[in-house]
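Below is one structure, written out as structure tokens; comments come after it.
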Amino acid sequence: MRTKAMSLLGFAKKSGNLVSGVNTCGFAIGKGRAKLVILAEDISAGSEKKIMKEIRKKDVPYIKYGTIDELSHIAGESGRSVFAVLDKGFADSIREALEQKS
């Protein structure tokens, strides 16, 4: 369910297991720390191209979900379109929640 996924994202942020921003997420992917990448559905073409290059290089799972405003609000950030979950448990739970049909 979407509300469960949003709650899990908030918990991941509070526990320090969620980073945001194209450059920060790209760095986490490059270091092998990212277990799941979440892209906003309204991400800019340039940002998407840049982050997808890193995602493909390291074969990191990713999901396109929500808007920049929705995701940024949950993470307590503003204007962020890319989020990386650093904990495998959170990543698996979030992916499962997002893949379930409400």
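Numbers for the structure displayed
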| read-out | value |
| --- | --- |
| Axial C-alpha extent at least 15 Å, average Kyte-Doolittle at least -0.5 - helices from the chain (DSSP) | 2-14, 88-99 |
| Counted charge near R80, where neighbours are those whose Cβ lies closer than 15 Å (Asp, Glu -1; Lys, Arg +1) | -3 |
| Normalised alpha carbon radius of gyration of region 59-102 [divisor 2.2 N^0.38 Å] | 1.19 |
| Cα-based shape type of region 28-92, given that a ≥ b ≥ c are square roots of the gyration tensor eigenvalues and the cut on a/c is 1.5 | oblate |
| Volume in Å³ per residue [convex hull over Cα atoms, computed for region 1-62] | 85 |
| Which listed pairs, of K49/K88; K14/K50; K13/K35; K4/K88; K31/K88; K35/K58, have C-alpha distances above 22 Å, in listed order | K49/K88; K14/K50 |
| Value of relative contact order over the chain, rounded to a whole percent, pairs C-alpha under 8 Å and six or more apart | 44 |
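FYI, it's all coordinate maths here, none of it is from the lab. From a predicted model like this one, the values you see are computed outputs, not experimental measurements. Note that each Cβ is placed from the backbone with ideal geometry, even for glycine, and that neighbours are counted across all protein chains shown.
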